[in-house]
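Notes follow once the structure below has been shown.
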């Protein structure tokens with residue numbers, strides 16, 4: 001290991017120590033931050049990611065081969081947008097006396113975005129199918145080694 | 001001194017200690033029984049050919065850049081709000097903070113698909129066997145767990161904050177987000193240092209894409225992540241880029257939606273100041289070396305008025321431009337008997353409590369003729385939710401520091 005890498009590790013470790021000491025001495029952080037830290041890790045690695053991979057396996061098993069790539073792409077984009085939109089759609093942040101807060105109908109907005117994503121994917125699939133009919137799949141793409 | 005008595009012996013002892021420490025860190029752990037290697041821990045449990053060090057390195061590179069942008073802009077916002085003595089933030093350009101904080105939130109949101117894809121690409125490594133070869137390996141894996149947790153903490157807490165949903169966060173958001181940012185950046189530095197040879201090799205050596213025909217290719221996945229980031233950005237960035245407001249169907253704010261066409265974070269009712277704000281006995285008290293001056297709303301309106309066009313730029317990433325009319329803060333500083341070119345003003349609200357009931361305007365902003373105690377917005381008297389009877393509006397400052405319902409200004413000479 002080079003000296004530069006050792007130095008980088010040492011600096012990183014110091015910054016992490018600064019974060020831990022800072023958080024422990026900050027009365028606003030409290031124990032709850034640690035629960036949230038562990039919570040998001042477990043929720044992501046233990047629930048969200050396995051579910052995503054599970055859906056990916058189902059796509060690989062049941063979707064027609066030609067549609068798989070676009071289906072996966074559309075699912076990934078939809079999932080990413082959903083994560084951002086979820087708390088907005090739920091609207092727990094709304095306040096009765098402040099209509100400027102979360103002023104839009106986010107459920108409808110999310111559906112509109114889904115519609116655009118899936119319409120685009122469907123259009124791309126149609127174009128691909130039309131092209132494939134002219135050029136057979138096995139000749140169009142051979143796996144590189 | 002004893003330490004210097006025989007440097008030869010002590011340095012050789014130190015080297016010996018270091019060597020023993022390294023040996024101890026590298027001491028192999030006993031291999032766990034193979035019977036425990038089940039489910040995802042099995043060899044080749046994850047079969048996607050899409051995963052490769054090159055994919056991970058490319059995503060990691062983009063993510064490292066994005067996290068650096070978020071950390072830098074976030075740190076700026078923190079330092080403006082809690083300035084240490086060495087820190088200086090200019091009052092111009094007037095919209096600089098609007099840009100840095102807009103970039104902070106937009107970049108953070110664009111990280112959602114990036115981080116998701118990055119973590120997916122290395123997910124099988126979570127189940128590597130044996131779980132830890134030795135103590136050094138165990139420490140490295142723990143530091144990765146910290147990195148992943150802190151990165152997820154930043155994105156999830158940020159998303160919850162812009163949608164104003166605080167219940168799932170059992171801590172004060174700002175403080176948690178701040179310290180977790182340091183944790184993430186520290187762990188990121190360690191991670192990059194540890195993985196540098198792998199990253200270098202993955203990025204310099206051509207790696208064939210082994211994905212089967214018809215499936216999602218490496219280039220296809222990278223494009224997908226880019227499209228996802230683009231959709232999220234277009235869907236939300238209209239909260240600060242007003243021309244995009246109509247297509248940003250997921251923007252937590254609309255720049256022109258709110259009383260007097262400007263969004264509000266804290267209402268007069270929420271701040272508990274309605275009665276005090278409308279009390280005819282309202283006086284603005286200005287305290288300085290020359291004594292105490294009290295001004296009624298009519299007195300304030302009789303002073304020379306200035307009209308400026310300035311944005312309100314919220315820490316939550318939204319911003320909106322308003323046309324403000326009022327008295328220059330520097331004129332009030334003169335009334336208090338202080339040189340306005342070298343003064344700072346402590347501005348207090350009618351609010352009796354709350355984290356942001358008072359703020360100190362630093363010399364650069366006190367000096368700036370655009371800094372107003374505003375009485376009007378868009379030509380009308382301020383809406384109570386915008387700080388009636390009088391509020392602070394200064395160029396290039398976070399919205400939380402633009403104190404509303406101003407009751408008292410204490411002026412002192414800076415230096």
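What the table shows:
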item: Relative exposure of B:297, B:372, B:115, judged by other C-beta atoms within 10 Å (fewest first); result: B:297, B:115, B:372
item: Taking B:316, A:112, B:344, B:380 and counting other C-beta atoms within 10 Å, the order from fewest to most; result: B:380, A:112, B:344, B:316
item: 18 Å reach of a label modelled at residue B:136, 7 Å along Cα-to-Cβ, counting backbone N of the stretch B:189-226; result: B:190-199
item: Using alpha-carbon coordinates, inclination of helix B:135-162 to the longest axis of chain B, degrees; result: 30
item: Per-residue Cβ neighbour rank within 10 angstrom, fewest leading, B:180, B:52; result: B:52, B:180
item: Shape of chain B, Cα gyration tensor, a/c cut at 1.5; result: prolate
item: For the stretch B:261-413: rounded, prolate or oblate by the Cα gyration tensor [a/c cutoff 1.5]; result: rounded
item: Cα gyration tensor, the stretch A:66-135 - rounded (a/c under 1.5), prolate or oblate; result: prolate
item: Alpha-carbon centroids, the stretch A:74-103 and the stretch A:32-71: separation in whole Å; result: 21
item: Geometric extent, Cα atoms of the protein assembly as shown - Rg, Dmax (angstrom); result: 28.3, 89
item: The protein assembly as shown - share of DSSP beta bridges that are antiparallel (%, nearest 5); result: 90
item: Distance from the stretch B:201-273 to the stretch B:60-128 (C-alpha centre basis), Å; result: 14
item: Percent of beta bridges antiparallel (DSSP, chain B, rounded to nearest 5); result: 90
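Readers should treat all values here as calculations from the given coordinates under stated rules, not as data from a laboratory. Given the structure is predicted, the values throughout are model-derived calculations rather than measurements. Here the Cβ is made from the backbone with ideal geometry for all residues, glycine too, and neighbour counts use every protein chain on show.
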